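Worksheet for the structure shown next.
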Amino acid sequence: MSKNLEYGILLDVYGCLLTDKQLEMMELYYNEDLSLSEIGEQFGISRQGVHDSIKRSEQALDEFESKLGILKARQEEINALLSVKSDALEALEQCRKVSFGKNIADKVINTLENIDSRLAELGEEQE
């Protein structure tokens, strides 16, 4: 994952824990793609001042994730769901090969729909 994308995601999860000024600078830098100079002009500070603030904010976001682990837990849940989905798809294919597997196939389809629903809630692209 690129550093910009990673901090964009961290900002979505932990941005509310930053100061208002840090949050605004980070959003302008990562979400609006403004340069350090452009942000500095908006805040009336130097490019170096913006750089220092963004670096401190990045460190804070890294620390929040290190201590709270929300993104790690989310990714683990997504990986587990994708693994179950893969197993269910394989089972569905096996059920379709035999005539007595219709009831099992229906349950597998229901399971897949539930997994897709949860993945959508987590914001994960469905395969």
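Read-outs throughout are calculated quantities, based only on the coordinates presented, and are distinct from any laboratory measurement. Since this is a predicted model, take the numbers as computed values, not measurements.
Of all lysines in the structure, the ones whose alpha carbon falls short of 22 Å from that of Lys102, not counting any fewer than 8 places away in one chain, are Lys85. Classification of the range 1-60 by its C-alpha gyration tensor yields a prolate form. The axis ratio a/c (a ≥ b ≥ c) is 1.5 or more, and a/b outweighs b/c. In whole Å, what is the distance between the alpha-carbon centres of the range 76-108 and the range 1-50? Cα centroid to Cα centroid, the span is 44 Å.
Convex hull volume of the Cα atoms of the range 72-121, normalised per residue: 49 Å³. Percent of C-alpha pairs per 10 Å bin in the chain, short distances first: 12, 30, 21, 16, 12, 7, 3, 0.
Once you have a ≥ b ≥ c as the square roots of the Cα gyration tensor eigenvalues for the range 39-105, tell me rounded if a/c is under 1.5, and otherwise prolate or oblate according to whether a/b is larger than b/c. Verdict is prolate for the range 39-105. Averaging sequence separations of C-alpha pairs under 8 Å and six or more residues apart, then dividing by the length of the chain, give the relative contact order as a whole percent. Reported as a whole number, the value is 18 percent.
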